[in-house]
Amino acid sequence: MSEIIKDRAIVEDAWLLLRVASDGALPELPAQGDVIVPLTLWQTQRDVLLARKSKLGVWLAPSDEPEAVAANLDKFAVIAVDFPQVTEGRGYSSARLLRERYKYAGEVRAIGDVLQDQIFYLHRCGFNAFAVRADKDIESALKALDDFSETYQVSVEQPQPLFRRR
């Protein structure tokens, strides 16, 4: 099993992340186990997924809008947001929308090309779990949550600006 950062701790990841094949084919569902499925699989096999006895998560690609899952947030234990490359930034907005507009209180996980330099900022936007790239040191990535002791701007984690906190 791999490890992730969740709620400021390194934990074992019991979830199976299902990816779309390079030719666009949807992945096969395993018979059992907790799965995080692509949005397209959720949209095409909703009833099958809900009939399973395991926990369910969904992941959003950069082009997917959080609104696509807003009516079903109670069905997902995890909503993952994919960062296929480090320069892709739309996922920051997706997390913020999930937390602020749609009031999602479950796990919001960053997946894909997630690096230590992003962790602090991802957390401020509403992510509470991070699947750090396998070739990177997860211990160092965890420490990145404390890169800065104070922030000026508002965020999901700190809704008051500094001048109001004084």
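The values are calculated or read from the model by the stated rules, or taken from the named source; none is laboratory data. From a predicted model like this one, the values you see are computed outputs, not experimental measurements. All Cβ positions, even for glycine, are placed from backbone atoms using ideal geometry, and neighbour counts span all protein chains on display. The protein model used for the area step is the full one, side chains on, heavy atoms only, and it has no ligands, DNA or RNA in it. Shrake-Rupley method; radii C 1.70, N 1.55, O 1.52, S 1.80 Å.
Rounded to the nearest whole Hz, the Karplus-based 3J(HN,Hα) values (6.51 cos²θ - 1.76 cosθ + 1.60, θ = phi - 60°) of segment 4-18 follow the sequence 9, 9, 9, 6, 6, 9, 8, 10, 5, 9, 8, 8, 9, 8, 9, with x at glycine and proline.
Amide H to amide H distances under 5 Å link GLU107 with ILE79, where only residues 5 or more positions off or on other chains count and H is placed in the peptide plane. Our note on the geometry: Cα centres of segment 18-38 and segment 108-164, 27 Å apart.
Highest mobility in the GNM of the chain, judged by mean-square fluctuation with C-alpha springs under 10 Å and restricted to SER94, SER149, SER63, is found for SER149.
In this view, the solvent-accessible surface of GLU88, computed with a 1.4 Å probe and all protein chains in place, comes to about 30 Å².
Helix 116-125 sits at what angle to the longest principal axis of the chain, using alpha carbons and giving 0 to 90 degrees rounded to 10? Approximately 90 degrees, to the nearest ten.
Along the axis of the charge dipole computed for the chain (Cβ charges of +1 for Lys and Arg, -1 for Asp and Glu, origin at the Cα centre), the listed residues ASN72, LEU145, ALA25 are led at the positive end by ASN72.
Overall, segment 10-166 carries a charge dipole of about 640 debye about its Cα centre when +1 sits on the Cβ of Lys and Arg and -1 on the Cβ of Asp and Glu, all other atoms neutral.
Once C-alpha pairs closer than 8 Å and six or more residues apart are averaged by separation and normalised to the residue number of the chain, the relative contact order reads 19 percent. For a test of the definition: using alpha carbon positions, the gyration tensor, and the 1.5 limit on a/c, classify segment 91-166 as rounded, prolate or oblate. It is oblate, given that a/c is not under 1.5 and a/b is not larger than b/c. Seen through its C-alpha gyration tensor, with square-root eigenvalues sorted a ≥ b ≥ c, segment 71-128 comes out prolate because a/c lies at 1.5 or above while a/b is bigger than b/c.
Taking the alpha carbon gyration tensor of the chain, multiplying each eigenvalue by 5 and rooting it gives semi-axes of 28, 18, 14 Å, largest first. For segment 1-83, build the convex hull from the C-alpha positions and give me its volume per residue in Å³. Per residue, the Cα convex hull of segment 1-83 comes to 117 Å³.
Applied to segment 73-82, the Karplus parametrisation 6.51 cos²θ - 1.76 cosθ + 1.60 on θ = phi - 60° returns per-residue 3J(HN,Hα) values of 4, 5, 8, 10, 7, 9, 10, 9, 10, 8 Hz, with x for Gly and Pro. Each of LEU56, LEU17, LEU142 has its accessible area taken with a 1.4 Å probe; listed largest first, they run LEU17, LEU142, LEU56.
Across segment 34-50, computed HN-Hα scalar couplings (Karplus, 6.51 cos²θ - 1.76 cosθ + 1.60, θ = phi - 60°) run 6, 10, 10, 9, x, 3, 4, 5, 4, 5, 8, 10, 3, 5, 5, 5, 6 Hz from first to last residue, x flagging Gly and Pro.
Among the trypsin sites (Lys or Arg not before Pro) in segment 4-105, those located in a DSSP loop and surrounded by at most 11 other Cβ atoms within 10 Å of their own Cβ are ARG8, LYS53, LYS103.
Using a cut-off of 15 Å between beta-carbons, work out the net charge of the residues near VAL58 (Lys and Arg +1, Asp and Glu -1, VAL58 not included).
On the way: positive: ARG19, ARG46, ARG52, LYS55, LYS75, ARG109; negative: ASP34, ASP47, ASP64, GLU65, GLU67, ASP74, ASP82, GLU107.
Net charge around VAL58: -2.
Computed with a 1.4 Å probe over protein heavy atoms only, the accessible surface of the chain comes to 55 Å² per residue.
For GLU3, the residues whose amide H sits under 5 Å from its own are ASP13, ignoring neighbours fewer than 5 places away on the same chain, with H placed 1.01 Å from N. Residues whose amide H comes within less than 5 Å of that of LEU16, counting only those at least five positions distant or on another chain, are ASP34, VAL35, ILE36 (H built at 1.01 Å from N in the peptide plane). Where a ≥ b ≥ c are the square roots of the eigenvalues of the C-alpha gyration tensor, would you call segment 62-101 rounded, which needs a/c under 1.5, or, failing that, prolate if a/b is larger than b/c, or oblate? Prolate.
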